[in-house]
Amino acid sequence: MKNKTEKVKSQLAGSTAPDKKNTTAKTRDLESYKSDATGQPLRTNQGVKIADNKNSLRAGSRGPSLLEDFILREKITHFDHERIPERIVHARGVGAHGYFESYADHSSLTKAGFLGEKGKQTPVFVRFSTVQGPRGSADTVRDVRGFAIKFYTEEGNFDLVGNNIPVFFIQDAIKFPDFVHAVKPEPHNEIPTGASAHDTFWDFVSLQPESAHAVIWAMSDRAIPRSLRAMQGFGVHTFRLINAKGVAKFVKFIWTPKQGVLSLVWDEAQKIAGKDPDFHRRDLGESIELGNYPEWEFGVQIIDEQDEHSFDFDILDPTKIVPEELVPITPLGKLVLNRNPDNFFAETEQIAFCPGHIVPGLDFSNDPLLQGRLFSYTDTQLSRLGGPNFHEIPINKPVCPFHNNQRDALHRTTIHKGQAAYEPNSIDGGWPQETPPAAKDGGFESYYERIDAHKVRERSASFKDHFSQPRLFYKSLSATEQLHIAEAYSFELGKVKRQHIRERVVNEILSNIDLGLAGTVAQKLGIPAPKKPTIKVPEPSLKQSSALSQMKLTPQDLQGKKIAALVFDGLSAKAIRPLLDWAQQHSIALQLLGPTSAPVKTSEGKSLAVDGSIKGEPSILFDAAIVPDIPTDHTALLDNGQAVHFILETFKHLKPLALTGPGASLIKALHLEEDAGLLQAKDFSAVREQFERALLAHRVWEREKKAERIPA
Ligand code: HDD
């Protein structure tokens, strides 16, 4: 494991060799753009070899620099322009390459080629992101996560630009700038970074009740994911799939992680933001390096065109889910991420997604939020990537050939041959020619939908109910998840300075979701609890949807778990070996942490190298901890404040913790009690099974009350 860990660290620090296993069409395409300086002389951008990269040209060794120094000028000029504007939202992100594999021939559902054959693999690039914070903000803030996937299909690029929560804050794209201005740092002082706990956000959302559903998801544990590997993904809008006969179905897209849907606890999330702001990107990169490739199942909820109006919500409303109890998920394929980018800027930063990038066999619905998005994404790239030729940047290029008569503009790299940049033409043989919109030739055709309406600026009455689904969500959660929601609202509103905004959230939003929730939050804020809802919320046909609780979405196995083993001088190598074997067997990343980064001495007189120090690698970076072979006299451990803090913090954050060896009774000295995840035994094999069960459950939720007394 040690070697593996070292390999990870050194590889992540420097450049990473391309994964030979990933031979997708896009990887091969990117290969031709890669540049390797090994064995090469240093040259200017014009190809001139540089003899001295340490001294600028000057008049005498103490004299002024000379303007003619083209080497200095080129270097400084390029440096001066290295930065590009960050994304307006979703600025902080991390990406990975991988592939999508279709489980079967789904051509009865769609003519899209990437779903048309069992086992067919399509290269993808995925970018995960937070929404509010800038590029340099912390990974673990409370926020929605972006989950954007570019499929490089043989029929063109398909971008599925979704989030890790299934609903959005507004129903109409015209409100997007208002929403973003409200959630972003406030304009007078640019505070807060990466947080929604401030006046303008709560002011806006409390005046815009259509946000209630997305806000309660953002106040749930979904908004503090344990890792990007452990999140669901949602296309949010209703889309269409269309088969070769022109038959269309409405669909919702859902990604379900094999790793389970897992979250941090709030205290832990806040601390990680300081100790390791790169926690999520590091986790993704390291998992892929270790071969623990994250995997998601891709599924759709399919709704027949004639059932469009058969729900008590509108399927065009992006603030609504379609409960799985009403329309179950049909699995179509899987997504595997198996290669880290070679260069963050060239790939992750320059990738440009757009929900309007679709391929034949897919189409939009009339969701007014989606319709607005179709415009915004390509438009924003014009200023972010500096012009309309961003599709020529290697990471954005389709893997199929593309020819048209669009010409010129900034940064054009393609050299178009021929004289006729127009269609029709008789000079260049009429090429490139249209593919008539016929399914068999692959030309794109929009769904043959009849639209007959007046031009109006109004919301459909079917978009008016804003509370029955947040209520459904809240009622479907476990008591633990509900408690976390109440705490999140109380925390956030506690940061809101204006009393009238706090009261409006409680009285006009929370009271309509759940009076109990409103009462708990009101009590924590010291305001009177509302007695009744302010409006009559429609009774939905479905009272509970068990699919909404993440408690049931636990991982299938232990692969990729990160566990710390605290080791001290005098421990026996015999206690460590079985642990290492166990970790390897389950692809668990086990790290040995010593009092310092120096090796510890085993009782057999050998020196045991560690992966880091207890101080340098705090408990918050791990899923669980083991203290193996504790001696009967555990003074050395108790005298080490960092180690005691590590153990208590592991307990506080409800993580599995195994203490083994003759001194395992240390539990008492620390004033802790055994529970389903706090285990003590003479050796690890005696508690292994229980420990594994606790790891699969992710956290020991029943410990939560007891853990409150541990100082944060
Ligand atoms: Fe958006 C980026 C997801 C509504 C306008 N959005 C962006 C990204 C994700 C989403 C994941 C980051 C893509 C990347 O990694 O590069 N956005 C969503 C979802 C929405 C949504 C799931 C609702 C269902 N967005 C939305 C609306 C608008 C935008 C209504 C504008 C009308 N979004 C943008 C943008 C961004 C963006 C400003 C910033 C950078 C970019 O597009 O490329 O154009």
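The values are calculated or read from the model by the stated rules, or taken from the named source; none is laboratory data. The structure presented is a predicted model; accordingly, all values stated were derived computationally and were not measured. Heads up, the Cβs are rebuilt from the backbone with ideal geometry, glycines too, and the neighbour counts pull from every protein chain shown. What goes into the accessible areas is simple: the full protein's heavy atoms, side chains included, and nothing from ligands, DNA or RNA. Shrake-Rupley method; radii C 1.70, N 1.55, O 1.52, S 1.80 Å.
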Once Lys and Arg get +1 and Asp and Glu get -1 on their Cβ, which of Ser310, Leu284, Val300 lies farthest toward the positive end of the dipole of the stretch 279-321?
-> Leu284
The stretch 189-279: trypsin sites (Lys or Arg not before Pro) falling in loop per DSSP and having at most 10 other Cβ within 10 Å | Lys245
Straight-line reach from Lys26: which aspartates and glutamates have Cα under 14 Å away, leaving out those fewer than 8 places along the same chain?
-> Glu154, Glu155, Asp342, Glu347, Glu392
Return the long-range amide H neighbours of Asn163 (sequence gap of 5 or more, or a different chain), with a cut-off of under 5 Å between placed amide H atoms.
-> Phe147, Phe234, Val236
Distance in nm between label sites at Ala59 and Tyr448, each 7 Å beyond Cα in the beta-carbon direction?
-> 8.0 nm
Full extension from Glu458 to Asp557: what is 0.36 nm times the residue separation minus their Cα-Cα distance, to one decimal in nm?
-> 30.7 nm
Quick one: accessible area per residue over the stretch 536-659, 1.4 Å probe, rounded to a whole number of Å²?
-> 42 Å²
Rounded to 5, the percent of DSSP beta bridges in the chain classed as antiparallel = 80 percent
Taking r as the C-beta separation of Ser665 and Gln523 and R0 as 35 Å, the FRET efficiency to the nearest 0.05 is 0.30
Over the Cα atoms of the stretch 465-552 the radius of gyration and the largest Cα-Cα distance (Dmax), both in Å, equal 13.1, 39
Per Stokes-Einstein, at 20 °C and 1.002 mPa s, what whole-number D in µm² s⁻¹ belongs to the stretch 558-707, with the Kirkwood radius over Cα pairs as the hydrodynamic radius?
-> 143 µm²/s
What shape does the chain take by its C-alpha gyration tensor, where a ≥ b ≥ c are the square roots of the eigenvalues and a/c under 1.5 counts as rounded, a/b above b/c as prolate, and the rest as oblate?
-> oblate
Estimated inter-spin distance, Ala573 and Ala547, nm [label 7 Å along Cα→Cβ] = 5.4 nm
Percentage relative contact order, the chain, counting C-alpha pairs under 8 Å, at least six apart | 12 percent
Counting only the backbone N, which residues of the stretch 160-199 are under 19 Å from the spot 7 Å out from the Cα of Phe375 toward its beta-carbon?
-> 170-181
Vicinal HN-Hα couplings computed from phi for the stretch 321-330 (Karplus, 6.51 cos²θ - 1.76 cosθ + 1.60; Hz; Gly/Pro x) = 9, 9, x, 5, 5, 8, 9, x, 8, 9
At R0 = 35 Å the Cβ-Cβ FRET efficiency linking Phe491 and Glu673, nearest 0.05, sits at 0.80
Name the trypsin sites (Lys or Arg not before Pro) in the stretch 468-528 that are in a loop by DSSP and that have at most 16 other C-beta atoms within 10 Å, would you?
-> Lys495, Lys497, Arg498
For the stretch 93-396, what is the accessible area per residue in Å², given a 1.4 Å probe and the full set of protein chains?
-> 29 Å²
State to the nearest 20 debye the size of the charge dipole of the stretch 93-396 about its Cα centre, where the only charges are +1 on K and R beta carbons and -1 on D and E beta carbons.
-> 560 debye
Nitroxide proxy distance, nm - points 7 Å out along Cα→Cβ at Glu190 and Lys245 | 5.9 nm
Report the local net charge at Glu86: Lys and Arg +1, Asp and Glu -1, summed over other residues whose C-beta lies under 10 Å from its C-beta.
-> +4
Rounded to the nearest 500, what is the 222 nm mean residue ellipticity of the chain from helices alone, with -39500 (n - 2.57) per DSSP H run of 4+ residues and division by all residues?
-> -7500 deg cm²/dmol
The set of residues whose placed amide H lies less than 5 Å from the amide H of Arg226, leaving out same-chain residues fewer than 5 positions away, is Leu262, Ser263, Leu264
Long-range HN-HN contacts of Gly194 with modeled amide H, under 5 Å = Gly133
Charge-dipole axis of the stretch 496-634 as Lys and Arg at +1 and Asp and Glu at -1 on Cβ define it, positive-most pick from Val506, His634, Leu593 | Val506
For the stretch 373-386, 3J(HN,Hα) per residue [Karplus equation, 6.51 cos²θ - 1.76 cosθ + 1.60, θ = phi - 60°, Hz, x = Gly/Pro] | 4, 4, 8, 4, 6, 5, 4, 5, 5, 4, 8, 6, 10, x
Of all accessible surface on the chain at a 1.4 Å probe, what whole percent is carbon and sulfur?
-> 53 percent
Exceeding the 26 Å Cα-Cα cut-off - candidates Lys334/Lys475; Lys120/Lys150; Lys75/Lys184 | Lys334/Lys475; Lys75/Lys184
Which of the pairs Lys320/Lys531; Lys320/Lys495; Lys320/Lys536 have their Cα atoms more than 25 Å apart in this structure?
-> Lys320/Lys531; Lys320/Lys495
Go ahead and collect, in residue order, the members of the stretch 26-50 whose backbone nitrogen is under 20 Å from a label point 7 Å along the Cα-Cβ direction of Asp80.
-> 44-46
Between His181 and Asp267, what is the FRET efficiency for a Förster distance of 35 Å, r being their Cβ-Cβ separation, to the nearest 0.05?
-> 0.70
Quick one: Karplus J couplings for the stretch 493-507, per residue in order, coefficients 6.51, -1.76, 1.60, θ = phi - 60°, nearest Hz, x for Gly and Pro?
-> 5, x, 8, 7, 7, 7, 4, 5, 6, 4, 5, 5, 4, 5, 7
Determine, for the stretch 558-707, the count of lysine pairs separated by eight or more sequence positions (or lying on different chains) whose alpha-carbon distance falls under 14 Å.
-> 9
Note to self: with every protein chain in place and a 1.4 Å probe, the stretch 406-490 gives an accessible area per residue in Å² of 73 Å²
